[in-house]
Every structure is written in structure tokens, then in C-alpha cells.
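First up is the structure itself, then whatever we jot down about it.
The values are calculated or read from the model by the stated rules, or taken from the named source; none is laboratory data. None of the values given here were measured: they were computed from a predicted structure. Neighbour counts are summed over all protein chains in view; Cβ atoms, including those assigned to glycine, are modelled from backbone coordinates with ideal geometry.
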Amino acid sequence: MTTATSVTDAQMREIHHNNGGALLCFLRSLVPTTASHTAEDLAQETMLRAWRNLDAVPREPESQRRWLFTVARRLVIDAHRKRQSRPVEVNLLGIEPAASGWESAETVIAKLTLHDAVRELSTAHRSVLHELYVEGCTLDEAAARLGVPVGTVKSRAHYAMRQLRNALLTG
């Protein structure tokens, strides 16, 4: 182990020892318990950013804590924005699984109606829904994979879902 590495390790241990508990408490106060990002994940990401930018982390304890809390607060804001930018996800917890064997006529009709409605979508709308709901991509990932702006992905997802909803309600 080189001297620079041991100095870096010692510095990070000191930063974590002096600020880890307070940082975690701060993040727990900002992150709702239902959020997909836990306070622990964000605390770990904050420390990772400190390690990557060790030269930017102040040496004085109060300034150091203020720097860490600023980074942590920005991570919380970014996580919140990321959750808000995704289309509304469908909760399937209350839906019963399909019965094995013969399906009811209503189930068959609903599946056929949905299949026809999806087939009626334009290729662009179908591909956006596929990326978001089948592949599980984020808006940014879907935009990159499809080669279109994020706003276009949002718009296509909105209009595709609206078209499907209308088809299912009238079908």
C-alpha cells in the first residue's frame, strides 16, 4: 500500500467517524420511509462522492459537515426528481393472479381488447411503452435507447397510455 493510499484511507475513516452518524440522521429526516432510495444508500453515495472529491472536502470539521450535508441534500433532491420524472407505475398488488386452466370469458375479452389496443398504437408509442414497462428502463435510458429526447419519451408514454385507457374503457 502506498503512502498516498494510506493517507486517503485514514482521511476517509476520519470523515466517516466524525460525520457518518449525523449524516445518516440528517438523511433519515429528509427521505420518506416509502422512498425507493433509503437514507443508508444516500449516505453511502455521499461518502463515495467525498472519496472521489477528497481534495474538495474541507479539513475543518464544521465546514466538512456542511459540505457533506450539501452533497447529501442534493442527492435527495436528485432522487426525488428522478422518481417524479418517471411515468406513474401501476400497482399490481391488489390484482389476483390468473386462474390456471380455463379462463373466464371476461378475462379472455379483456386480454383480446388490450392486445388489439396495443396493436393499434403507432410503432413509436409501442416502443416507448416496451422500453419503460417491459424492459424497466428509466426515462433517460429509454430516450438513449430510442435515440429521442426525454421529453419525447414522456409525451409518447402519456399519449400511448391515454389511447390504451380509452380503448379499454370503450372496448
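Things worth noting here:
- Some residue of the range 36-49 being in a loop (DSSP other than H, G, I, E, B) and surrounded by 15 or more Cβ atoms within 10 Å (Cβ to Cβ): yes
- Residues of the range 95-119 satisfying the condition of being more than 29 Å from the chain's Cα centre (by Cα) and either modelled with pLDDT of 85 or more or assigned to a helix (DSSP H, G or I) (or both): ALA105, GLU106, THR107, VAL108, ILE109, ALA110, LYS111, LEU112, THR113, ASP116
- Applying a threshold of 7 Å to beta carbon distances and a minimum spacing of six or more residues, or different chains, the list of pairs starting in the range 143-171 at a residue that is aromatic (Phe, Trp, Tyr) and ending at one that is part of a helix (DSSP H, G or I) reads TYR159/HIS125.
Here is a yes/no grid of residues against (1) on the phi < 0 side of the Ramachandran plot; (2) at pLDDT 90 or above; (3) surrounded by 11 or more Cβ atoms within 10 Å (Cβ to Cβ):
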{"residue": "ASN19", "(1), (2), (3)": "yes, yes, yes"}
{"residue": "ALA56", "(1), (2), (3)": "yes, yes, no"}
{"residue": "SER63", "(1), (2), (3)": "yes, yes, yes"}
{"residue": "THR70", "(1), (2), (3)": "yes, yes, yes"}
{"residue": "LYS82", "(1), (2), (3)": "yes, no, yes"}
{"residue": "ARG86", "(1), (2), (3)": "yes, no, yes"}
